[in-house]
1. Taking +1 at the Cβ of each Lys and Arg and -1 at the Cβ of each Asp and Glu, which of 258, 191, 181 sits farthest along the dipole of region 156-264 towards its positive end, judged by Cα position relative to the Cα centre?
2. Please list 677, 332 from largest to smallest accessible area, probe radius 1.4 Å, with all protein chains kept in place.
3. In percent, how large is the relative contact order of region 196-320, given Cα pairs closer than 8 Å and 6 or more residues apart?
4. On a straight-distance basis, which aspartates and glutamates could pair with residue 482 in a cross-link, Cα separation under 16 angstrom, same-chain partners fewer than 8 positions away excluded?
5. Evaluate the charge dipole of the chain about its Cα centre and quote only its size in Debye, nearest 20, assuming +1 on the Cβ of each Lys and Arg and -1 on the Cβ of each Asp and Glu.
6. List the extent of the Cα atoms of region 382-522 along each of their three principal axes, largest first, rounded to whole Å.
7. With unit charges on the beta carbons (Lys and Arg positive, Asp and Glu negative) and the dipole taken about the Cα centre of region 85-196, which residue among 168, 100, 117 sits farthest to the positive side?
8. Just to confirm, what accessible area per residue do you get for the chain at 1.4 Å probe, in whole Å²?
Amino acid sequence: MKRPVVLGCIMWITGYVLALYTELRWLSLTASVLLLITLLGIYLFRMPGRQPICMLLLVGIAYGYFQWTDQRNHSALLPLAQQHANLDGSEVTLHGRFASPVAVDGDKAGFTLEAESIRFQDDDAFPLGGESVQVSLRLLAQEQQAQALSWRRGDALTLHGTLRSPSPARNFGGFDYRRYLHLHHTHWLLTVKGVDQALVEPMAPSLSVVQLLRLNDGLRDALGRRVDLIFPASQVGFMKSLLVGQKDDLDAERFQQFSELGLTHILAISGLHVAVFLGVLIWVMRKLKFAKETYLLVCIWLLPCYILLTGASPSVVRAGLMSMVALYAARRGLLKDVLHIMAIVAWAMLLWNPYYLLDVSFQLSFLVTLGLILGVQRIDNLLKKWISWPILRNTASLTFVSQLISFPVSIYYFNQYSLLSWLVNAVLVPVIGMIVFPAGLMALAVGILYAPAGSWMGHLISWLNQVIFWTTDNIQKFDQFKMLWPSPSLAWIVVYYSLLVFIYVCWYALSQAKEQGNPISLVKVKHPLRFNLPLCLTCIMGGFFLLLWGGYSPERFNRTGLVQFIDVGQGDAILIRTPYGRHLLIDGGGTVVFHKPGEEWKLRQNPFEVGQKLLVPLLKKRGVHQLDLVILTHEDNDHSGGLQAVMEQIPVKQFLFNGTYKPGVKIEKLFRSALTRKVPLLPASSSRDWVQIDPVTRLQILFPAGPRCWKWLKTRTRTPLCSSLRWRALDGSLQEIWRKNQKPRCLHL
């Protein structure tokens, strides 16, 4: 066995996966300890067949460890919750300490509280032992923003508010907030009105981990303020995310754009950033004539600081730990196998927190790293015949491998993929990673010493950023290259990676055969079994494309109609799937916000919007590639507000509304979006006739009453519906867009 650590890590992950999908109560921590003792005994006594037996035992040990960890992840209030019917909505007083920095956005302050005790009205205090509670504090005056921002991690806090249980997913396939908090060891929410309900006592200086994290929070804030001074306001959010890992100021539309183009990994501190950071650091120390042993040791000690400064996400923890192990091995001349280093880091992280396995950042980071280690050089060798320029060939290999490896995980979590992602990553990732990021680091370092000089460098970098944004803005306009994918199953993902391995094996064997002068080689595996390589490669690639075809639309041959009432809070949203795969959306919900003049400070930078946060992700996850008909019953915001995000992110073929135009900023924006995308606007009126949606589905409009705006034309194959928009109700600017983009159209469903 050449790599026992790697194989052991794979078995450990296998045990975790089995624990996620099955439940064996008898396989607890005690059973895992006994299995571990058995494993050690087998190795000490060198029993025959010990390797496969030990691998199976390792799966059982991991299973029990994960199950034991998950069973311990419950609230200390569980005994009280079992005694009382419901603790949700109880007025309580919590005492504890700030476990995170305070984030202030408009009239909301949010943070995590490490609760030591809880008191229910006049009852005695109940110990919680440091349980995490997520706090949402509503600010009642603008002055309270500064007061909330003055609170820091580690300060003692007594807080009075309402205890809430996190909400589970309200829709099938929707975001499960309760599960998300459970994976972060949080089981309760506390809502508070006003800072008057909080009594804060500053933490006394001491030598502790909390004090270290507190200092790190202050340093991150100071770096963020320095970035504010160095770069233009329109690019501050992008540079903060790139340099410091702070995403609070990142523009939502820019993030959505990067997400659609497959560039979100640039905004997450990962291996590329760590490599560039180390490269700049080593280059500086070499110029200062540091010895090799010295600068390697300095890098090892500075990497934990960099991990903390950039937010310690799973991707940067993985990259940082791998770099630390590699640097230590290089300094001592020890282990140099990258796969072993990666397996050691993954194993350590999963032992520390088994829930890392469910984190998308952890999954993408390790999968892409594994793919780059195993695949780049092999693909590079195969491409030598077609691409002679080494730099271009290496870039193509990196892009090809990373895109293929990350594809299943990306569509599972984000449900979208751009066919231009390959090109965008190949062109922009080197520019951002090798020019913008190191130049930004230097500008930040210079800006700390002398702000005007850093600002001058930041101004130069901003020109390149403008070119990058201009490029992404124009590439995003090619809607025909965007693909929406439903979340695949675990079995589909396993088959995908298996077929990739088989394709490479056959391709490599065929290339070797051609080099030996036998292009149609019959490879002998076991006598008399032989494989025709070209035929095998053709069949496997055919199966691979068939897998993609089936994964893109798994319900293609399902002839069952489905009416889904989506819970969007206030308002309505109804999704209809016809037996022949047509999708109709009736209304889109909406968030109703009321603000009085002078209360602009309450506006949040990234408020919850039903269409963007709930409806669009749900439609993508359910495999809605396009909406054949969107119906707006009336233009109140709780029915029309969510349709703006739908119109921007999901192709819409027809838009049916009630024939009237209610003036307003949001509804005008919705109609503008429809007209600029050349979506036919169809005014409705009641009719005894039926609109044929597909061979077995018809739609009848019952309201509004009045003169018929629609003229029916009967044909043998379909029933088109010609419409005339009552566009005189639109304002002048919308009329102009109508004249340029709208033509007489017919509804062909």
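1. Among 258, 191, 181, the one farthest towards the positive end of the dipole of region 156-264 is 181.
2. Ranked list, largest accessible area first: 332, 677.
3. Result for region 196-320 is 24 percent.
4. Filter leaves 260, 473, 648.
5. That gives the chain a dipole magnitude of about 3260 debye.
6. For region 382-522, the Cα extents along the three principal axes come out at 70, 39, 27 Å.
7. Selected residue: 168.
8. 53 Å²
The values are calculated or read from the model by the stated rules, or taken from the named source; none is laboratory data. The structure displayed is predicted, hence computed values, not measured ones. Because the Cβ atoms are built from the backbone with ideal geometry, glycine has one as well, and the counts that use them run over all protein chains shown. Each accessible area value is taken on the protein alone, full model and side chains, heavy atoms only, with ligands, DNA and RNA left out. Shrake-Rupley method; radii C 1.70, N 1.55, O 1.52, S 1.80 Å.
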